[in-house]
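A short write-up of the structure that comes next.
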Amino acid sequence: MTGDHYFTAEPAVPARPREVEFTVAGRAYTLASAGGVFSADRLDPGTAVLLRKAELPAPEVAGPLLDLGCGFGPITCVLADRAPRAAVWAVDVNKRARELTAANAARLGAADRVRVAAPDEVPDGLTFAQLWSNPPIHVGKEGLHELLRRWLPRLAPDGVAWLVIARHLGGDSLHRWLVEQGWQVERHASQKGFRVLRVTR
């Protein structure tokens, strides 16, 4: 055991490249993945529910959009594909995840519109029309709250955040906590034990 996790900045586990195939809204995607990143072998079930149940951006959406905790880039690639006018920021602490997301954006023909960045590389003052995240629950409750306190205020005044979290990992308590922080929260959908939350100011 190395102690690596998907939120390790520079994973030491072997990459062992692989591909992940999935379909969203009738569009098939084949993305590069590797060991040491979140859900390396398949589209994570929570991410699948999020992409199936949340309101994907319309083609005219200009962004910018944020994929927080992008992993190897499935949400980033779907957003870039669905909203060809938008810049998509793909943010992750994991260097290997960022490299894979950049490669997958290039494979999709969207490299010019996808900005891959570590958290501290996102310019101060940049706000987002939409924030999408399957947040890293395993950082613990305090780490999760800190993450959301940092990034949700980056929503534009009329922006919307789409979050997915497993019910048994605290989906309902996170809903309550967000309301206590002053956010407007709607349980937009529930499927396969996951809550899809729509968060606005």
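Karplus-derived 3J(HN,Hα) values for the range 136-141, using 6.51 cos²θ - 1.76 cosθ + 1.60 with θ = phi - 60°, are x, 4, 6, 6, x, 4 Hz; glycine and proline are entered as x.
Convex hull of alpha carbon positions in the range 100-141: directionally averaged projected area 4.4 nm². A full extension of the chain between residue 146 and residue 176 corresponds to an added length of 9.2 nm, given 0.36 nm per residue minus the alpha carbon distance. Each residue was assigned an accessible area with a 1.4 Å probe, and for residue 141 the value is about 130 Å². Averaging Cα coordinates gives a centre for the range 133-201 and one for the range 33-93; these two points are 16 Å apart.
Hey, how much of the P(r) for the chain falls beyond 21 Å, as a percent of Cα pairs? Above the 21 Å cut-off, the chain has 48 percent of its Cα pairs. Simple spin-label estimate for residue 42 and residue 106 gives 3.0 nm between the two label positions (7 Å along the Cα-to-Cβ direction from each Cα).
Plainly put, the range 86-201 has a radius of gyration that is 0.97 times its Kirkwood radius, both from alpha-carbon atoms, as the Rg/Rh ratio. Measuring with a 1.4 angstrom probe and ignoring ligands and nucleic acids, residue 116 comes out at about 50 Å² accessible.
With the convex hull drawn around the C-alpha atoms of the range 2-120, the volume per residue stands at 91 Å³. Between residue 167 and residue 190, the distance separating the two model label sites (each 7 Å from Cα on the Cα→Cβ line) works out to 0.4 nm. Note on residue 27 and residue 201: the model spin-label points, each 7 Å out from Cα along the C-beta direction, lie 2.9 nm apart. Structure remark: mean-square fluctuation, Gaussian network model of the chain, C-alpha springs under 10 Å; the largest value among 62, 25, 83 belongs to 25. Each 10 Å bin from zero up to the one holding the largest Cα-Cα distance in the range 14-63 carries the following percent of pairs: 22, 43, 28, 6, 0. The mean accessible area for residues of the chain, using a 1.4 Å probe and ignoring ligands and nucleic acids, is 47 Å² per residue. Using just its DSSP H runs of length 4 or more, each adding -39500 (n - 2.57), the chain gives a mean residue ellipticity at 222 nm of -8000 deg cm²/dmol after division by all residues. What percent do you get for the relative contact order of the chain when only Cα pairs under 8 Å and 6+ apart count? 18 percent. In terms of overall dimensions, the range 135-180 has a Cα radius of gyration and Dmax of 10.8, 31 angstrom. Among residues other than residue 166 with Cβ under 10 Å from its Cβ, the summed charge is +3 (Lys and Arg +1, Asp and Glu -1). Panel note: the C-alpha atoms of the range 69-125, placed on their principal axes, show extents of 26, 26, 15 Å (largest first).
How many percent of DSSP beta bridges within the chain run antiparallel, rounded to 5? Antiparallel bridges make up about 55 percent of those DSSP assigns within the chain.
The values are calculated or read from the model by the stated rules, or taken from the named source; none is laboratory data. All values reported here derive from a predicted model rather than from experimental measurement. Every residue, glycine among them, receives a Cβ derived from its backbone with ideal geometry; neighbour counts consider all protein chains shown. For accessibility, only protein heavy atoms count, side chains too; no ligands or nucleic acids. Shrake-Rupley method; radii C 1.70, N 1.55, O 1.52, S 1.80 Å.
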